[in-house]
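Just so it is clear, none of the values below were taken in a lab; they were calculated from the coordinates. Everything numeric here is computed off the predicted structure, so don't read it as measured data. All Cβ positions, even for glycine, are placed from backbone atoms using ideal geometry, and neighbour counts span all protein chains on display.
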Amino acid sequence: MKRIVAEWVEKAEGDFGVMQRELRGKKSPCFDAVCFHAQQCAEKYLKGRLAQAGVPFAKIHSLTTLLDQILPVEPLWEAHRADLAHLSAYAVAFRYPGESADRTEAKDAAVRCRRFRAAARAALRLPLQGSG
């Protein structure tokens with residue numbers, strides 16, 4: 001695995017771990033953070049797969065734009081479009097006053113993240129276990 005891909009995976013797994021810990025938190029869990037880190041995990045796996053394939057990408061947070069770039073390499077990832085579109089909003093939503101995530105929304109974000117993470121790790125030939 002290219003070093004840059006390994007770095008993207010490491011960063012993605014860091015976000016995955018934060019998402020998992022916050023979701024399991026008994027004392028004052030931050031559901032906003034769960035949603036944000038779910039989005040960040042998916043974004044970093046997309047960028048890692050793009051880097052592995054040698055496909056250049058911009059510094060963007062739109063998961064569907066990144067998905068469109070990797071589809072020629074991973075056409076089956078089209079099945080993840082709805083999950084990625086949903087997660088994409090969490091790059092900014094909830095990070096500022098005015099909106100907050102609740103437990104239900106956080107659990108949904110985590111499920112969507114886990115589904116995509118499984119596909120990304122399989123594509124990168126990584127075992128599903130890891131952080132979380």
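Pick out which of Lys59, Lys107, Lys11 has the largest mean-square fluctuation in a Gaussian network model of the chain, springs linking Cα atoms closer than 10 Å.
Among Lys59, Lys107, Lys11, the largest mean-square fluctuation in the Gaussian network model of the chain belongs to Lys59.
So for the range 1-126, if I pair up every lysine 8 or more residues apart or on another chain, how many of those pairs have alpha-carbons under 23 Å apart?
13
Count charges around Leu71 for me, please; just the other residues with Cβ under 14 Å from its Cβ, Lys/Arg as +1, Asp/Glu as -1. If you can, show how the numbers build up before the last one.
Numbers: positive: Arg49, Arg81; negative: Asp68, Glu74, Glu78.
Here the charged neighbours net out to -1.
Place +1 on the Cβ of every Lys and Arg and -1 on the Cβ of every Asp and Glu in the chain, take the dipole about the Cα centre, and give the residue among Phe116, Gln20, Ala85 whose Cα lies farthest towards its positive end.
About the Cα centre, the residue reaching furthest to the positive side is Gln20.
Restricting to Cα pairs below 8 Å that are 6+ residues apart, what does the relative contact order work out to for the chain? Please round to a whole percent.
On the way: 171 pairs, mean separation 42.2, N = 132.
Taking the mean separation of contacting Cα pairs over the length of the chain, I get 32 percent.
Let me check against my output: what whole-number percent is the relative contact order of the range 66-130, with C-alpha pairs under 8 Å and at least 6 apart? It would help to have the intermediate numbers written out before the result.
On the way: 22 pairs, mean separation 18.1, N = 65.
Reported as a whole number, the value is 28 percent.
Arrange Met19, Met1 by Cβ neighbour counts within 10 Å, fewest through most, would you?
Working: Met19 27, Met1 14.
Final ranking by Cβ density, sparse to dense: Met1, Met19.
Which residue fluctuates most in the GNM of the chain (Cα springs below 10 Å): Ala38, Ala91, Ala109?
In the Gaussian network model the winner is Ala91.
Counting Lys and Arg as +1 and Asp and Glu as -1, each charge on the Cβ, what is the dipole of the chain about the Cα centre in debye, to the nearest 20? Could the numbers behind the result be given before it?
Working: 21 positive and 15 negative charges, 93 e Å.
It comes to approximately 440 debye.
In which sequence would Thr65, Thr104 go, from the one with the fewest C-beta neighbours within 10 Å to the one with the most?
Details: Thr65 14, Thr104 9.
Result, fewest neighbours first: Thr104, Thr65.
Can you give the local net charge around Glu105? Use residues other than it whose beta-carbon is closer than 12 angstrom to its beta-carbon, Lys and Arg +1, Asp and Glu -1. Let's see the in-between values first.
Working: positive: Arg103, Lys107, Arg112; negative: Asp32, Glu99, Asp102, Asp108.
Net of charged neighbours comes to -1.
Rank these for me by crowding, Asp108, Asp102, Asp15, going from fewest to most other beta carbons within 10 Å. Write down the numbers at each step before the final one.
Working: Asp108 18, Asp102 10, Asp15 23.
Ordered from fewest to most neighbouring Cβ atoms within 10 Å, Asp108, Asp102, Asp15 come out as Asp102, Asp108, Asp15.
Find out how many positive minus negative residues lie around Leu87, taking Lys and Arg as positive, Asp and Glu as negative, among other residues whose Cβ is under 9 Å from that of Leu87. Mind showing how you got there, number by number?
Working: positive: Arg112; negative: Glu43, Asp83.
Once all neighbours under 9 Å are counted, the net charge is -1.
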